Amino acid sequence: MDIEVKIFGHLAPSLPHHQELNVPENAKVEDVTKILRLDSNLIGLITIDGRQSEDQNLVTPGCHLCFFPYLTGG
(Lines give C-alpha, C1' and ligand atoms only; values in the text may rest on other atoms or scores of the structure.)
Protein backbone atom coordinates (compact mmCIF):
# COMPACT_ATOMS: atom_id res chain seq x y z
CA MET A 1 0.00 0.00 0.00
CA ASP A 2 1.19 3.54 -0.67
CA ILE A 3 1.63 6.15 2.05
CA GLU A 4 3.06 9.66 2.11
CA VAL A 5 6.03 10.23 4.41
CA LYS A 6 7.50 13.54 5.56
CA ILE A 7 10.73 13.69 7.55
CA PHE A 8 11.51 16.93 9.34
CA GLY A 9 14.74 18.33 10.74
CA HIS A 10 17.96 16.37 10.91
CA LEU A 11 16.45 12.87 11.20
CA ALA A 12 17.64 11.67 7.79
CA PRO A 13 19.77 14.19 5.90
CA SER A 14 20.39 11.76 3.03
CA LEU A 15 16.70 10.94 2.42
CA PRO A 16 14.12 13.06 0.61
CA HIS A 17 12.12 15.05 3.14
CA HIS A 18 8.89 14.23 1.31
CA GLN A 19 8.25 10.94 -0.43
CA GLU A 20 5.69 8.31 -1.30
CA LEU A 21 6.51 4.90 0.08
CA ASN A 22 5.05 1.48 -0.61
CA VAL A 23 4.73 -0.55 2.59
CA PRO A 24 3.18 -3.95 3.37
CA GLU A 25 -0.46 -4.21 4.46
CA ASN A 26 -0.85 -3.93 8.25
CA ALA A 27 2.48 -2.07 8.57
CA LYS A 28 3.05 -0.20 11.80
CA VAL A 29 4.91 3.05 12.25
CA GLU A 30 7.88 1.09 13.63
CA ASP A 31 8.01 -0.90 10.36
CA VAL A 32 8.25 2.32 8.36
CA THR A 33 10.97 3.56 10.72
CA LYS A 34 12.96 0.40 9.98
CA ILE A 35 12.36 0.61 6.21
CA LEU A 36 13.67 4.18 6.20
CA ARG A 37 16.49 3.29 8.62
CA LEU A 38 15.57 6.15 10.94
CA ASP A 39 17.11 6.21 14.40
CA SER A 40 14.06 5.89 16.66
CA ASN A 41 16.03 7.52 19.50
CA LEU A 42 16.07 10.79 17.54
CA ILE A 43 12.33 10.87 16.80
CA GLY A 44 10.47 13.18 19.14
CA LEU A 45 7.01 13.22 17.56
CA ILE A 46 5.14 11.04 15.07
CA THR A 47 1.87 12.02 13.42
CA ILE A 48 -0.51 10.16 11.14
CA ASP A 49 -2.86 12.47 9.27
CA GLY A 50 -2.09 15.23 11.75
CA ARG A 51 -2.80 13.18 14.88
CA GLN A 52 -0.09 12.30 17.36
CA SER A 53 0.82 8.62 17.02
CA GLU A 54 3.11 5.97 18.45
CA ASP A 55 5.40 3.25 17.04
CA GLN A 56 2.70 0.59 17.38
CA ASN A 57 0.01 2.47 15.42
CA LEU A 58 -0.97 1.00 12.06
CA VAL A 59 -0.50 3.08 8.93
CA THR A 60 -3.39 3.09 6.47
CA PRO A 61 -3.45 3.40 2.67
CA GLY A 62 -2.88 6.99 1.57
CA CYS A 63 -2.10 8.29 5.06
CA HIS A 64 0.34 11.13 5.74
CA LEU A 65 3.00 9.92 8.18
CA CYS A 66 5.32 12.57 9.62
CA PHE A 67 8.45 12.19 11.72
CA PHE A 68 9.72 15.15 13.76
CA PRO A 69 12.94 15.38 15.80
CA TYR A 70 12.94 16.47 19.42
CA LEU A 71 12.50 20.22 19.68
CA THR A 72 14.67 22.38 21.89
CA GLY A 73 14.96 26.03 22.57
CA GLY A 74 14.03 28.53 25.10
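Can you pull out the residues in the range 2-20 that are farther than 24 Å from residue 72 by Cβ and surrounded by 13 or more Cβ atoms within 10 Å (Cβ to Cβ)?
Matches in the range 2-20: 3, 4.
Suppose the filter is out of contact with any strand residue (DSSP E or B) (no Cβ under 8 Å at 6 or more places or on another chain) and modelled with pLDDT of 95 or more; does residue 30 pass it?
yes
Looking at (1) touching a helix residue (DSSP H, G or I) at 6+ places or on another chain (Cβ under 7 Å); (2) open to solvent by 70 Å² or more (accessible area, probe 1.4 Å), can you tell me which one residue 23 breaks?
Result: residue 23 fails condition (2) only.
Could we say that residue 65 is under 12 Å from the mean Cα position of the chain (by Cα) and assigned to a loop (DSSP other than H, G, I, E, B) here?
No, not satisfied.
Hey, can you tell me all the residues within the range 29-40 that are open to solvent by 60 Å² or more (accessible area, probe 1.4 Å), touching a residue at least 12 places away in the same chain (Cβ under 8 Å) and either part of a helix (DSSP H, G or I) or closer than 16 Å to residue 64 by Cβ (or both)?
Answer for the range 29-40, where residues must be open to solvent by 60 Å² or more (accessible area, probe 1.4 Å), touching a residue at least 12 places away in the same chain (Cβ under 8 Å) and either part of a helix (DSSP H, G or I) or closer than 16 Å to residue 64 by Cβ (or both): 35, 40.
Within the range 50-64, identify whether any single residue is modelled with pLDDT of 95 or more, open to solvent by 60 Å² or more (accessible area, probe 1.4 Å) and hydroxyl-bearing (Ser, Thr, Tyr), and answer yes or no.
yes
Residue 9 passes all but one of (1) assigned to a strand (DSSP E or B); (2) among the small types (Gly, Ala, Ser); (3) touching a residue at least 40 places away in the same chain (Cβ under 8 Å); which number fails?
(1)
Scan the range 63-71 and tell me whether some residue there is in contact with a helix residue (DSSP H, G or I) (Cβ under 8 Å, 6 or more places away or on another chain) and hydrophobic (A, V, I, L, M, F, W, C).
Yes; the residues of the range 63-71 include at least one that is in contact with a helix residue (DSSP H, G or I) (Cβ under 8 Å, 6 or more places away or on another chain) and hydrophobic (A, V, I, L, M, F, W, C).
The values are calculated or read from the model by the stated rules, or taken from the named source; none is laboratory data. Since the model is a prediction, treat every value here as computed from it, not as a measurement. Reconstructed Cβ throughout: ideal geometry from the backbone, glycine too, with neighbour counts over all protein chains shown. Surface accessibility is based on the protein's heavy atoms, side chains included, excluding ligands, DNA and RNA. Shrake-Rupley method; radii C 1.70, N 1.55, O 1.52, S 1.80 Å.
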